[in-house]
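The values are calculated or read from the model by the stated rules, or taken from the named source; none is laboratory data. Please read all numbers here as calculations on a predicted model, not as lab measurements. Cβ placement follows ideal geometry from the backbone for every residue including glycine, while neighbour counts extend to all protein chains displayed. Quick note on the areas: whole protein, heavy atoms, side chains included, nothing else; ligands and nucleic acids left out. Shrake-Rupley method; radii C 1.70, N 1.55, O 1.52, S 1.80 Å.
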Amino acid sequence: MIALFGIAQDSAHIYDVLTLKQSVEIAIANNPTVKQVEFQKDVAGVNLNQAKGNFIPQLSGSINHNLNSGRSIDPANNGYINSSLTTADYNLSSNVTLFNGFYLINTLKKNQYSYQATKMDWQQSKDKLMLDVMLAYLQMLTNTDLLEQARRQADVSKQQVDRLEIMNKEGAIKPSDLSDLRGQYASDQLAYINALNALDQARYTLVQLMNIPFNKNMKAERIGADQFDMNYGSSPDSIYQSALQQLALVKAADLRTKSFEKEIKAAKGTLYPSLGIGGGISTNYSSLAQDAANNKIPYDNQLKNNYGTYLGAGITIPILNNFRYRSQVALAKIDYRSAQFNAQTTRIQLKQNIEKDYFDMTASLDRYKTTVEQVNAYTESFHAADLRFTEGVGTVVDYLIAKNNLDRAKTNLIVGRYDYLLRTKILDYYQSRPLW
């Protein structure tokens, strides 16, 4: 694994007990998908810097030394010669665009919006990862509680099996009663094995999201009772209005629409004439240069004597270019309409998702409350059946029915409690509320 992931790799050994906050932070720092989106943001940042740099005048220089032989032109007098000579040229030039249909300014604005949009994309990728981590984290807590519930179920069955084995030796019960309890104990053991495997699967899903090595001893810190608020005060409409203001998903769509709007204006700028100015200085040297007395002119004297400057202005008028520029304008308009449609679709889907998640939350809460009442009722029923069975006045069938009913209700209660918590956390995410 490359050094980029070094911190998160160590985290697998530092944290045997992970909090939700730690899990999210490790995942964000280490997840390859988030990294890829961050790289895209960096590319957009480079494009923005280049758009700013396009306003700076271009400046270039050149130095050339040549050794000529045969027929050539002597730069000292521009006459043809047929002998060997050495020449040198020094040039420094600069040019700047004064007007090109506001192409540069609109390209700059386009890249500014594009960069901000990719920053929102990066934030959205982190937000999605945070939800995935939270789901895996809560699933790990759910499976941890289910494992403990399975262990308790098996312990209860084991106690009854131990009691009936003693009674069976004394001939006080029917052998079939012991067989039934042994079968129940085996079922509870199998449920425990399945719960243990489910916990390992949830643990593996979480470490995959964090991109760290698997640690079988890793545990998730339990969530405090204050997180289980049974009175969620927000309405779907208020959640939606808050999401429009807070969610990076919506901001990214709006910024990308503005970026494509500026792209249209930039493309239209290519249809206008372009005006620019330029200037430069130059000098040269020739080994054949001589003065009036036929004396060879020194190198530095030639550079001073041949020094020259120029300054000019030019205009470029697009007349016919195979409709290339007009096609660019048409494509930019299509991109803009597509971005508008995506922004509108994002809002529609967001509203639909919020309404669905809100209704799922209320249904989950109703199921949880009903399951609490069911557990209380089956607890009393099992207590009575256990007492009757222990005293020998109840049947094993009645005992097993009461036990299985209570076991299922307790399992549903565990699942329902964390399902409701997950639903509320999703609604909190839409409103950018803290998730821990």
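Descriptive notes on the structure:
- FRET E, pair L311, F341, Förster distance 51 Å, beta-carbon r, rounded to 0.05: 0.50
- Model label points for Q349 and L196, set 7 angstrom from Cα along the Cα-to-Cβ axis, are 4.3 nm apart.
- With 19 Å as the limit on Cα-Cα distance, the pairs of K21/K219; K119/K258; K35/K356 that go past it are K35/K356.
- Across the range 256-297, the residues whose backbone nitrogen lies under 20 Å from the label position 7 Å along the beta-carbon direction of S69 are 286-289.
- Qualifying aspartates and glutamates (Cα of each under 14 Å from Cα of K425; at least 8 residues distant if same chain): D127, D132, D226, D229, D357, D360
- Rounded Å value of the spacing that divides the Cα centres of the range 128-148 and the range 51-107: 67
- Extension gain for the segment R182 to Q159, taken as residue separation times 0.36 nm less the Cα-Cα distance, is 7.2 nm to one decimal.
- The range 199-260 and the range 412-436 have Cα centres lying 9 Å from one another.
- Straight-distance crosslink candidates among aspartates and glutamates, where the alpha carbon sits under 13 Å from K216 and sequence neighbours closer than 8 are dropped: D16, D200
- Here the convex hull built on the C-alpha positions of the range 134-196 has a volume of 53 cubic angstrom per residue.
- Based on protein heavy atoms only, the range 300-373 ends up with 73 Å² per residue of surface accessible to a 1.4 Å probe.
- With protein chains left intact and a 1.4 Å probe, residues in the range 128-283 average 50 Å² of accessible area per residue.
- Square roots of five times the Cα gyration tensor eigenvalues for the chain, Å: 82, 28, 15
- Using only side-chain charges placed at the Cβ, +1 for Lys and Arg and -1 for Asp and Glu, the dipole size of the chain relative to its Cα centre rounds to 1760 debye.
- Candidates K119, K110, K21, ranked by Gaussian network fluctuation over the chain, Cα under 10 Å, top entry: K21
- Estimated [θ] at 222 nm from DSSP helical runs (n ≥ 4, -39500 (n - 2.57)) normalised by residues in the chain, nearest 500: -23500 deg cm²/dmol
- Summed over all non-identical Cα pairs, the Kirkwood treatment of the range 288-422 gives a radius of 24.6 Å.
- Taking the accessible area of the range 43-178, probe 1.4 Å, and keeping the other protein chains in place, the carbon and sulfur fraction comes to 53%.
- Excluding same-chain neighbours fewer than eight residues apart, the lysines reachable from K410 by a Cα-Cα span under 17 Å are K369.
- With each label modelled as a point 7 angstrom along the Cα→C-beta vector, the A384-D16 pair spans 4.6 nm.
- Quarter of the Cα convex hull surface for the range 31-72, i.e. its orientation-mean projected area (nm²): 6.7
- Highest-MSF residue in the chain out of M230, M120, M130 [GNM, Cα springs under 10 Å]: M230
- Zero-based 5 Å bins, Cα pair distances in the range 214-272, whole percents: 4, 12, 10, 10, 10, 11, 10, 10, 7, 5, 4, 4, 3, 1
- Evaluated on the range 372-436, the Kirkwood hydrodynamic radius is 13.8 Å, with distances taken between all distinct Cα atoms.
- Expressed as a whole percent, the accessible surface of the range 262-312 that belongs to carbon and sulfur atoms is 55, based on a 1.4 Å probe.
- Straightening the chain between N301 and V46 buys 87.2 nm, computed as 0.36 nm per residue apart minus the Cα-Cα spacing.
- Residue of K304, K333, K109 that the Gaussian network model of the chain assigns the largest fluctuation, springs spanning Cα pairs under 10 Å: K304
- Restricting the range 331-424 to GluC sites (Glu not before Pro) in coil, as DSSP defines it, with at most 16 other Cβ within 10 Å: E391
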